[in-house]
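The block underneath contains the structure these notes are about, expressed in structure tokens.
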Amino acid sequence: MKYFLALTLTVSIPCLLLVTVRQSWAYNALEREVTAYNNEQTRLIAENKRKISAISILSKPQRIEKIAVEELNMQKADSADIIRISLDKGKKG
């Protein structure tokens with residue numbers, strides 16, 4: 001009986017150590033993956049902020065008006081030049 005107990009302990013201790021090493025390795029791999037995801041998230045948030053800033057700069061009315069007047073030779077329409085058309089909702093065709 002003592003021989004069986006000694007054999008069991010002799011075999012189980014290295015096995016438990018191997019299991020611990022395996023769990024530690026898996027934990028480290030998951031930790032690296034989470035760190036990579038956090039870095040990617042930070043990069044995407046910064047890129048999103050840059051794009052939002054660019055959109056706000058590009059969509060300013062002053063910039064659009066300047067391009068329309070200078071590059072496209074457009075001008076503001078007078079209120080007398082605007083024709084308003086109203087459609088009856090009941091008639092289709």
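Brief remarks on what is shown
- Rounded tilt (10° steps) of 61-70 against the dominant C-alpha axis of the chain: 50
- Qualifying trypsin sites (Lys or Arg not before Pro) for the stretch 57-89 [loop in DSSP, other Cβ within 10 Å: at most 12]: Lys76, Arg84, Lys89
- Accessible area of the chain divided out per residue, in Å², using a probe of 1.4 angstrom: 102
- Computed with every protein chain present, the accessible area of Ser56 is close to 60 Å² [probe 1.4 Å].
- Residue-by-residue Karplus 3J(HN,Hα) for the stretch 71-76, coefficients 6.51, -1.76, 1.60, Hz, glycine and proline x: 9, 9, 6, 9, 9, 6
- Calculated translational diffusion coefficient of the chain (37 °C, 0.692 mPa s; Stokes-Einstein with Kirkwood radius over alpha-carbon pairs) equals 151 µm²/s.
The values are calculated or read from the model by the stated rules, or taken from the named source; none is laboratory data. Keep in mind that what you see is a predicted model, and the values were worked out from it rather than measured. Cβ: placed from backbone, ideal geometry, glycine included. Neighbour counts: every protein chain shown. All accessible areas refer to the heavy atoms of the entire protein, side chains included, with ligands and DNA or RNA removed. Shrake-Rupley method; radii C 1.70, N 1.55, O 1.52, S 1.80 Å.
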